[in-house]
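A.B. asks: There's a structure below that I have some questions on.
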Amino acid sequence: LGKPDAAREGYARLEKVLVYTAQAGIHEFSSPTYYGVDLDDLLLIEAFCRNERGRNQARALLRLFWQDIALNFFPPAGRYAGPYSRNYDYLHGWGGIEGHLFLQGWIDRPEPSGVDTVYTLLGRWSPPAECRKISKRLPRTVRQAWGVEALQSRTHFLAPDICLGSASSSYGGRMDFLLTADLPGSRDSVRCFFVPDGRGD
């Protein structure tokens, strides 16, 4: 838009995100809702920013997000699985990530129907083919940090017949799924997750 002050501020914020993520991982961890937002924004930066450093930073973050997606994608159910932070679809785990998975050919249809893919379609970057190969290797165990505190971590085991996961602490309170199981089958089937009584955990 030709606004140098706004551009400088944007690049400074992107730099802070990159530095924090390098130290702590993706803080709003594995969110099917907010990974969609993150990917939309990073695709727009990569496609339209005029600063090559900013473009390279966006590409590095896009690669990180897609590696995370690949590691936690459960092909036998055709879904992004495991424990994760904020999401609003308690039964299926659908969110903004669906449009990205659909446009990259990982799933045959996005849910919920009518997912807004306008931002996604403006992007020009695609994940490397290696990401898809990683997603198909079973069994595997994924261990991730999502913050600087010792308990800000998650573990996710994926096998052909089940995947099980747990996170050591919560990011978004009641909207987090901290102890989960996913079974093979239709993407329309519901997920398994444990909600402690009273949410006083």
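A.B. asks: With every protein chain left in place, what is the accessible area per residue of the chain in square angstrom, probe 1.4 Å? Kindly include the intermediate steps, with their values, before the conclusion.
C.D. replies: On the way: 10470 Å² over 201 residues.
Accessible area per residue, the chain: 52 Å².
A.B. asks: Of the heavy-atom accessible surface of region 34-83 (probe 1.4 angstrom), what whole percent is carbon and sulfur?
C.D. replies: Roughly 52 percent, rounded to a whole number.
A.B. asks: Given 10 °C and 1.306 mPa s, how large is the Stokes-Einstein diffusion coefficient of the chain in µm²/s, with Rh as the Kirkwood radius over Cα pairs?
C.D. replies: After rounding, the answer is 91 µm²/s.
A.B. asks: Roll a 1.4 Å probe over the protein heavy atoms and report the accessible area of residue 40 in Å², nearest 10.
C.D. replies: Surface open to solvent at residue 40 totals about 20 Å².
A.B. asks: Remind me, relative contact order of the chain in percent, using alpha carbon pairs under 8 angstrom and six or more residues apart? It would help to have the intermediate numbers written out before the result.
C.D. replies: Numbers: 344 pairs, mean separation 48.3, N = 201.
Result for the chain is 24 percent.
A.B. asks: Sequence neighbours fewer than 8 away in the same chain don't count; with that in mind, list the lysines whose C-alpha is under 23 Å from residue 16.
C.D. replies: 3
A.B. asks: Please list, or write none, the aspartates and glutamates whose alpha carbon is within less than 19 Å of the alpha carbon of residue 136, excluding same-chain residues fewer than 8 places away.
C.D. replies: The reachable aspartates and glutamates, counting only those whose Cα sits under 19 Å from residue 136, are 68, 98, 108, 161, 182.
The values are calculated or read from the model by the stated rules, or taken from the named source; none is laboratory data. Computed from a predicted model, the values in this text were never measured in an experiment. Quick note on the areas: whole protein, heavy atoms, side chains included, nothing else; ligands and nucleic acids left out. Shrake-Rupley method; radii C 1.70, N 1.55, O 1.52, S 1.80 Å.
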